[in-house]
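Trainee: Just dropping this structure here.
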Amino acid sequence: MLDSPAPAELSATTQSSRARAVDIGGRQRRQAALALLRCVLTEEFPGHIAVVSSFGVESALILSMVAEIDPATPVIFLETGKHFSETLAYRESLARRLGLRDVRDIAPDAVELAANDPGGDLWQQSTDACCGIRKVIPLSRALSGFDAWITGRKRHHGAERVNLGLVETTEGRFKINPLADWSAEEIATEFRARGLPFHPLALQGYSSVGCAPCTRRTDDGEDVRAGRWAGTEKTECGIHRAPWF
Ligand code: SF4
């Protein structure tokens, strides 16, 4: 019978085992996410699939994986006209760094804006209406002709995302969420492994970044998305609810 390890040895052994377990789990998840992306990009929907990205705090990871497989994949960025300047700068530098060749800035329809939000302050009266004009309707147009789209959503973001599937379908269009089951720790580890640049606002205390009027910094211990539409019941912009997506 082996002697029981001394407490210090046990602690070191346990720590080593845990680190190894995280490493094995991370590698498995990375391979699974890349395999799913390769499958949908090259086998299931070649030429008919796009990524939708906010170029937010964690976006670089899914974009990096997509670029690794096919940098010509269309990337849809909803240019709401309300982004932080830091996000727009990050969108430029990240796309260049990853070699993404088809990033599409999708703006709201000018006629609809003039009719419904001439002063640019609709968000103060109705965030749902503002998101509708600046995000939901433009995305509906942008996705026309695509059979599937890729998102970077994760279950650990909570609220409506806790039951997120890896592959979903609505009204005949497919939505692929390769990072759905990744933890915050795994995201951070893979960010480091790939040497990905951080969103400038992530370094200033923003755990999630959307439009400037509807985003605030988060404090330690708050949910990842607590700074989005803070103080209201709203947790999603609506692009993942609209039935035609
Ligand atoms: S997040 Fe805010 S500013 Fe951006 S589209 Fe929605 S309501 Fe408008």
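The values are calculated or read from the model by the stated rules, or taken from the named source; none is laboratory data. As the structure is a prediction and not an experimental result, all values here were calculated from the model. Positions of Cβ are generated from backbone atoms using ideal geometry, with glycine treated the same way; all protein chains shown enter the neighbour counts.
Trainee: Since Val111 meets every condition but one in (1) in a helix (DSSP H, G or I); (2) under 14 Å from the mean Cα position of the chain (by Cα); (3) at pLDDT 95 or above, which condition does it not meet?
Mentor: (2)
Trainee: Mind telling me which of the residues Ala21, Ala33 ends up being surrounded by 21 or more Cβ atoms within 10 Å (Cβ to Cβ) and not in a strand (DSSP E or B)?
Mentor: Criteria check complete, one pass: Ala33.
Trainee: Let me ask another. What are the pairs, 6+ residues apart or on separate chains, where a residue within the stretch 204-224 that is among the small types (Gly, Ala, Ser) has its Cβ under 7 Å from a residue that is more than 14 Å from the ligand (Cβ to nearest atom)?
Mentor: Gly205/Arg217; Gly205/Thr218; Ser207/Val57; Ser207/Thr218; Ser207/Val224; Ser208/Val57; Ser208/Val224
Trainee: Taking the options Leu179, Leu164, name whichever one is closer than 20 Å to Leu37 by Cβ, away from the ligand (no atom under 15 Å from the Cβ), modelled with pLDDT under 90 and not hydroxyl-bearing (Ser, Thr, Tyr). Break it down into steps so the answer makes sense when it comes.
Mentor: Numbers: Leu179 fails: modelled with pLDDT under 90.
Only one candidate qualifies: Leu164.
Trainee: While we're looking at this one, here's another question. Can you tell me which residue among Ala180, Ala184 is under 16 Å from the mean Cα position of the chain (by Cα), surrounded by fewer than 19 Cβ atoms within 10 Å (Cβ to Cβ) and among the small types (Gly, Ala, Ser)?
Mentor: The unique qualifying residue is Ala184.
Trainee: Do you know which residues across the stretch 111-158 are of a type in the set (A, V, I, L, M) and surrounded by 12 or more Cβ atoms within 10 Å (Cβ to Cβ)? It would help to see each step written out before you state the result.
Mentor: Step one: of the stretch 111-158, the residues of a type in the set (A, V, I, L, M) are 111, 113-115, 122, 129, 133, 136-137, 139, 142-143, 148, 150.
Leu113, Leu122, Ala129, Ile133, Val136, Ile137, Leu139, Ala142, Leu143, Ala148, Ile150 - these are the residues of the stretch 111-158 that are of a type in the set (A, V, I, L, M) and surrounded by 12 or more Cβ atoms within 10 Å (Cβ to Cβ).
Trainee: In the stretch 42-55, how many residues are within 22 Å of Leu139 (Cβ to Cβ) and surrounded by fewer than 21 Cβ atoms within 10 Å (Cβ to Cβ)?
Mentor: First, the residues of the stretch 42-55 that are within 22 Å of Leu139 (Cβ to Cβ): 44-55.
From what's left, surrounded by fewer than 21 Cβ atoms within 10 Å (Cβ to Cβ): 44-48.
Matching residues across the stretch 42-55 total 5.
Trainee: Further question: For the stretch 77-105, give me each residue that is within 12 Å of Val51 (Cα to Cα) and more than 15 Å from the ligand (Cβ to nearest atom).
Mentor: Hits for the stretch 77-105 are Leu100, Asp102, Val103, Arg104.
Trainee: Still on this structure: Quick one: in the stretch 110-147, of everything that is polar (S, T, N, Q) and away from the ligand (no atom under 13 Å from the Cβ), which residue is nearest to Ile49 (Cα to Cα)?
Mentor: Among those that are polar (S, T, N, Q) and away from the ligand (no atom under 13 Å from the Cβ), it is Ser144.
Trainee: A further question follows. Could you run through the stretch 190-235 and say how many residues are at pLDDT below 90 and either outside any loop (DSSP other than H, G, I, E, B) or in contact with an Asp or Glu (Cβ under 6 Å, 6 or more places away or on another chain) (or both)?
Mentor: So the answer is 1.
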